[in-house]
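A.B. asks: The structure follows.
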Amino acid sequence: MEAEISKAIKAVYQQDPTVVGVMVADDSGLCLASDGGIPEEAAGLFASIVARSHVVLPPGPNQSDDATPVVQIEAGQFVILVKQALSVTMGIVKDKAKGRSA
């Protein structure tokens, strides 16, 4: 599982040059992997955010991963995306300044 998580994190960075940090947590909020300076303590927060999003938009029967909520938090030049897929939660931190043309 560790190799799969590392591969997924690497793919996130390759797909989007604005990504500066990635965290993966289990459904209990335990940090499975963290990269880019995201503190491990944030894992529980990310898992909690996803759990609370299901209060607002509850998952339906036979719902695919594509239909689960993505929570976006904006703070200055940074955007944090949090999403649950299967039994893990992924937090992705992006730097909007890296996406601007020079």
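The values are calculated or read from the model by the stated rules, or taken from the named source; none is laboratory data. If you're wondering where the values come from, they're calculated on a predicted model, not measured in any experiment. Ideal geometry is used to build each Cβ from the backbone, glycine not excepted, and the neighbour counts take in all protein chains shown.
A.B. asks: Of all the residues that make up segment 17-38, how many are part of a loop (DSSP other than H, G, I, E, B) and either touching a strand residue (DSSP E or B) at 6+ places or on another chain (Cβ under 6 Å) or under 14 Å from G91 (Cα atoms) (or both)?
C.D. replies: 7
A.B. asks: Then there's this: Given the options I73, I49, name the one that is surrounded by 12 or more Cβ atoms within 10 Å (Cβ to Cβ) and assigned to a helix (DSSP H, G or I).
C.D. replies: When all the criteria are applied, what remains is I49.
A.B. asks: Further question on the same structure: Give me the pairs, please: first residue somewhere in segment 64-86 and at positive phi, second residue anywhere and surrounded by fewer than 15 Cβ atoms within 10 Å (Cβ to Cβ) and at pLDDT below 85, beta-carbon distance under 7 Å, and either six or more positions apart or on two chains.
C.D. replies: L86/D65
A.B. asks: Scan segment 9-31 and report the pairs whose first residue is closer than 19 Å to G99 by Cβ and whose second residue is among the hydrophobic types (A, V, I, L, M, F, W, C) and outside any strand (DSSP E or B), with Cβ atoms within less than 8 Å and a gap of 6+ or a chain change.
C.D. replies: Correct list of pairs: V19/V12; G21/I38; V22/I9; V22/V12; V22/I38.
A.B. asks: When segment 32-42 is examined, which residues are found to be touching a residue at least 24 places away in the same chain (Cβ under 8 Å) and of a type in the set (G, A, S)?
C.D. replies: A33, G36, A42 - these are the residues of segment 32-42 that are touching a residue at least 24 places away in the same chain (Cβ under 8 Å) and of a type in the set (G, A, S).
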